[in-house]
Amino acid sequence: QVQLVESGGGLVQAGGSLRLSCAASGSILSINAMGWSRQAPGKQRELVARITSGGSTYYADSVVGRFTISRDDAKNTVYLQMNSLKPEDTAVYYCNALIRARAWSGFKDYWGQGTQVTVSS
């Protein structure tokens, strides 16, 4: 059984910073790409940032220069450092990871339960 658990969300004023963490646990052989998505009320979930096993990164245009994604493979954890936060960054943030849990299985996409980030103006 594989689980992803996010932490680090909360309430912050515009211009402030937050650091989200997402730890994967359970039966894990290897982890490929890991990422963060967000969903604001009334909007579709959107990809915010992604990092491959080789360290290549992708960012949505709206967060370039403000957010940084990183990972610690020894801890099976992915981070999202969010700086210069804006009210429009308010959303539930979800992490996901492509995880291989069995030697005979392929990679499966696992998701966390989400953590609320609220940015006040």
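The values are calculated or read from the model by the stated rules, or taken from the named source; none is laboratory data. Owing to the predicted nature of the structure, the values given are computational and were not obtained by experimental measurement. In this analysis, Cβ positions are derived from the backbone assuming ideal geometry, glycine residues included, and neighbour counts consider all displayed protein chains. These accessible areas exclude ligands, DNA and RNA; they are computed on the full protein's heavy atoms, side chains included. Shrake-Rupley method; radii C 1.70, N 1.55, O 1.52, S 1.80 Å.
Looking at ALA103 and the list (1) over 18 Å from GLN116 (Cα atoms); (2) within 11 Å of the chain's Cα centre (by Cα); (3) among the aliphatic types (A, V, I, L, M), which single condition is not satisfied?
(2)
Would you mind telling me which numbered condition in (1) β-branched (Val, Ile, Thr); (2) open to solvent by 30 Å² or more (accessible area, probe 1.4 Å); (3) over 17 Å from THR118 (Cβ atoms); (4) in a strand (DSSP E or B) VAL92 fails?
Status for VAL92: all satisfied but (3).
Report yes if THR77 is more than 22 Å from SER120 (Cα to Cα) and among the hydroxyl-bearing types (Ser, Thr, Tyr), otherwise no.
Against the criterion (more than 22 Å from SER120 (Cα to Cα) and among the hydroxyl-bearing types (Ser, Thr, Tyr)), THR77 qualifies.
Condition check ((1) surrounded by 20 or more Cβ atoms within 10 Å (Cβ to Cβ); (2) over 23 Å from ALA14 (Cα atoms); (3) among the β-branched types (Val, Ile, Thr)) across all residues:
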{"residue": "TYR59", "(1), (2), (3)": "no, no, no"}
{"residue": "ARG66", "(1), (2), (3)": "no, no, no"}
{"residue": "ARG71", "(1), (2), (3)": "yes, yes, no"}
{"residue": "LEU85", "(1), (2), (3)": "yes, no, no"}
{"residue": "LEU98", "(1), (2), (3)": "no, yes, no"}
{"residue": "SER105", "(1), (2), (3)": "no, yes, no"}
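Quick one: THR77 ticks every box in (1) in contact (Cβ under 8 Å) with a residue 60 or more places away in the chain; (2) closer than 19 Å to LEU18 by Cα bar one, so which box is it?
For THR77, the failing item is (1).
Which members of the stretch 95-121 meet the condition of being within 20 Å of ARG50 (Cβ to Cβ) and assigned to a strand (DSSP E or B)?
Those that are within 20 Å of ARG50 (Cβ to Cβ) and assigned to a strand (DSSP E or B): CYS95, ASN96, ALA97, LEU98, ILE99, ARG100, LYS108, ASP109, TYR110, TRP111, THR115, VAL117.
Among what's in the stretch 107-121 and is surrounded by 12 or more Cβ atoms within 10 Å (Cβ to Cβ) and among the small types (Gly, Ala, Ser), pick the residue that is nearest to GLY35 (Cα to Cα).
Filtering the stretch 107-121 for residues that are surrounded by 12 or more Cβ atoms within 10 Å (Cβ to Cβ) and among the small types (Gly, Ala, Ser), the one nearest to GLY35 (Cα to Cα) comes out as GLY112.
Can you name the number of the only condition in (1) of a type in the set (A, V, I, L, M, F, W, C); (2) under 18 Å from VAL119 (Cβ atoms); (3) in a strand (DSSP E or B) that LEU85 fails?
Unmet condition: (3).
What are the pairs, 6+ residues apart or on separate chains, where a residue within the stretch 16-30 that is over 30 Å from ARG66 (Cβ atoms) has its Cβ under 6 Å from a residue that is assigned to a strand (DSSP E or B)?
GLY26/VAL2; GLY26/GLN3; ILE28/ILE99; LEU29/ARG100; SER30/ARG100
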